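See structure below.
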Amino acid sequence: MFNRPGLIKARAATHTPDKTGTIWEPWLTRDAITWLEAASLNGGRGIGLEWGAGTSTPWLAQRLSQLYTIEHNLNWFNKVKEYMSQLYTNDISWKGILLESEDEGEPFYQGSDKLFHKKYSEAPGVPDDLDFILVDGRARNACLCTAICKLKKEGGILVLDNAERKNYAKHSIPQSWDLHKTTNGIWETWVWISK
């Protein structure tokens, strides 16, 4: 599998199969992964978007008919793209979209490059009426706003990883949507269903 430099080592103490995904699954909470497996993502016919490439990319691509992935880091994007081309041939529909950031040293949620965050969060080239969206990259507040508009109006699934962070605008999600909160005791993954 692929690894951002030092990421697996840094998360080794908390990244265990009972708490979160294995290296073959998304790095969400274990309960969120189990919930998504049971949801079946529209029976494999769904169209999805993820902000932030990683172990979620091949996992989601296997469960959706079309997956769009937006990534900000060129080196990481190339690793994921190479891995996806080795893993899948013509039987899977994945489109990686690279939108590079100038503020690479800033934390994911505090970046100073506002123009980049606007373009990144707008998800250029991604259609509306999506069945599934995962927000797990940069500019998460802006991505949540876009996700609300791009998700299908009923039965769409929206996932926010690291939802325990206070600065994420979870209040922007419509109150009428069903919410499933999951935690592994260290971080949280929240899942909404639009309605």
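So that you can scan it fast, the table gives a plain yes or no per residue for (1) out of contact with any strand residue (DSSP E or B) (no Cβ under 7 Å at 6 or more places or on another chain); (2) modelled with pLDDT under 95:
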residue	(1), (2)
153	yes, no
168	no, yes
177	no, no
180	no, no
184	no, yes
190	no, no
Residue 137 vs. criteria open to solvent by 10 Å² or more (accessible area, probe 1.4 Å) and not in a strand (DSSP E or B): no
Single condition residue 124 does not satisfy, out of (1) more than 22 Å from residue 39 (Cβ to Cβ); (2) assigned to a loop (DSSP other than H, G, I, E, B); (3) modelled with pLDDT under 85: (3)
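Would you point out the residue of segment 158-190, among those that are of a type in the set (A, V, I, L, M) and open to solvent by 40 Å² or more (accessible area, probe 1.4 Å), that is nearest to residue 47 (Cα to Cα)? Show your work before the answer.
Our first condition is that a residue be of a type in the set (A, V, I, L, M); within segment 158-190, this holds for 158-160, 163, 169, 173, 179, 186.
Filter once more, so that each one left must be open to solvent by 40 Å² or more (accessible area, probe 1.4 Å): 179, 186.
On the way: 179: 21, 186: 30 Å.
Checked segment 158-190; the qualifying residue nearest to residue 47 (Cα to Cα) is 179.
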Failed condition for residue 142, given (1) more than 21 Å from residue 44 (Cα to Cα); (2) outside any helix (DSSP H, G or I): (2)
Condition met for residue 149 (under 25 Å from residue 98 (Cβ atoms), among the hydrophobic types (A, V, I, L, M, F, W, C) and touching a Phe, Trp or Tyr at 6+ places or on another chain (Cβ under 7 Å)): no
Flag if residue 117 is open to solvent by 10 Å² or more (accessible area, probe 1.4 Å), at pLDDT below 95 and under 23 Å from residue 95 (Cα atoms): yes
Top-ranked residue of segment 16-36 - restricted to ones that are over 20 Å from residue 53 (Cα atoms) and among the acidic types (Asp, Glu), ranked as least open to solvent (accessible area, probe 1.4 Å): 31
Any chance residue 13 is modelled with pLDDT of 75 or more, over 15 Å from the mean Cα position of the chain (by Cα) and either open to solvent by 10 Å² or more (accessible area, probe 1.4 Å) or under 18 Å from residue 191 (Cα atoms) (or both): no
Qualifying residue in segment 172-183 (condition: out of contact with any Asp or Glu (no Cβ under 7 Å at 6 or more places or on another chain) and basic (Lys, Arg)): no
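The values are calculated or read from the model by the stated rules, or taken from the named source; none is laboratory data. Just so we're clear, the structure is a prediction, and the values are computed from it rather than from any experiment. Here Cβ is always computed from backbone atoms with ideal geometry, including for glycine, and neighbour counts include all displayed protein chains. Surface accessibility is based on the protein's heavy atoms, side chains included, excluding ligands, DNA and RNA. Shrake-Rupley method; radii C 1.70, N 1.55, O 1.52, S 1.80 Å.
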